[in-house]
Amino acid sequence: MAVRLLVRLLVHLRDDLSAQVSSSWRRLLDRLGRAWATRPPKRRLAARGLVVALLLLGLGSLDARARLSGRLPSSLDWRALTALLERDARPGDLVALFPPWLERAREAVPARLPVLATSALDAEWLPGVRRVWLVAAGGVSTFGPRPPLSSRSAAADTQQVGQLQVTRIDLAGPVTTLGSLAERGGAPARWRDVEGVARRCLELAPRPGTPARIELPRLRLGGALAGHAALLSPDTSAAARLVFRVDGGPTIPMAVTVRSGWLPFRIDTSGLGAGARTLVIEAEGPAGSAVCLEAQVLP
């Protein structure tokens, strides 16, 4: 008898619970249906969603900024970097920044040392550089499996300077030069922004129908003339023609486009022999453009 009563009670409880769930589900569906029927216009919903997204993005940015400031180098770290470079850096050294936006390092680097900030350090020619001091913000950046210049390094020594990771890289085969065209030829040079990197280069700005021309007399050449050229123009499809001529001899043309970027070149001058030469460089291109030329005289 007791078992039957217990079974009936369980069945009653099951039926009552099922009825309550069904009723709650129907009320929920009714509420959702009424809410959907009285929903605001799509534009208002989109505006509300945008406001919520911007609010979340702002809160996330504030949180990320607070966490980032704790991983950036402190004033003490920058002073320690200055002391390290003043003590150990030598002529022929270069300081490279990683990541490139670590611009505050320029204030800490002694004025006698050149500074290079680029994410493509492996593609840099680095003429005349024997050692590279790679200054990295260790708290916010990683090199990945292959550190920069690892394929060209003869030796490397890493020091932790607070939040800064400073690596001195001795280059296995430094590129020796006899000087740049600007230094040896006396032509004026300007600093220009080429793909986010400050380059000291000869600038040739052609006019419509008139090529830009630079003449370098009494220039002593070596085995080769090598460097890079870039076309600076607001038109990404623009192209220019660069021409080299030594002592009125045959022209050596070179095509430069905006998309070619920092384009390398090399001209063999080993057969010219000793003596002073006259080098003429001309550039033809669209109005408003300029060719940035950086050339080194190689032995």
- Note on the structure: Checked region 262-290 for anything at pLDDT 90 or above, more than 19 Å from Pro211 (Cβ to Cβ) and in a loop (DSSP other than H, G, I, E, B); matches are Trp262
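Taking only region 264-295 into account, find how many residues are within 24 Å of the chain's Cα centre (by Cα) and buried (at least 20 other Cβ atoms within 10 Å of the Cβ).
Result for region 264-295: 7.
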- Message: Quick check on Ala224: is it in contact with a Leu (Cβ under 8 Å, 6 or more places away or on another chain), under 22 Å from Pro148 (Cβ atoms) and not assigned by TED's automatic domain parsing to the domain that holds Trp125?
- Response: no
- Restricted to region 105-127, and to residues that are surrounded by fewer than 19 Cβ atoms within 10 Å (Cβ to Cβ) and closer than 19 Å to Gln163 by Cα, which residue is nearest to the chain's Cα centre (by Cα)? Arg106
- Give me a count of the residues in region 198-237 that are surrounded by 16 or more Cβ atoms within 10 Å (Cβ to Cβ), among the hydrophobic types (A, V, I, L, M, F, W, C) and either free of Cβ contacts under 8 Å to residues at least 40 places away in the same chain or touching a Phe, Trp or Tyr at 6+ places or on another chain (Cβ under 9 Å) (or both). 5
- Output for region 134-185, where each listed residue is surrounded by fewer than 19 Cβ atoms within 10 Å (Cβ to Cβ), at positive phi and part of a loop (DSSP other than H, G, I, E, B): Gly144, Gly162
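Residue by residue, here is whether (1) modelled with pLDDT of 75 or more; (2) of a type in the set (Val, Ile, Thr); (3) surrounded by 10 or more Cβ atoms within 10 Å (Cβ to Cβ) holds:
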position	(1), (2), (3)
Arg4	no, no, no
Leu32	no, no, yes
Pro41	yes, no, no
Leu72	yes, no, yes
Glu86	yes, no, yes
Ala89	yes, no, yes
Ala96	yes, no, yes
- Trp191 versus (1) among the hydrophobic types (A, V, I, L, M, F, W, C); (2) surrounded by 15 or more Cβ atoms within 10 Å (Cβ to Cβ); (3) not in a loop (DSSP other than H, G, I, E, B): which is the lone unmet condition? (2)
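The values are calculated or read from the model by the stated rules, or taken from the named source; none is laboratory data. These figures come from a predicted structure and were not determined experimentally. Backbone-built Cβ (ideal geometry, glycine too); neighbour counts: all protein chains shown.
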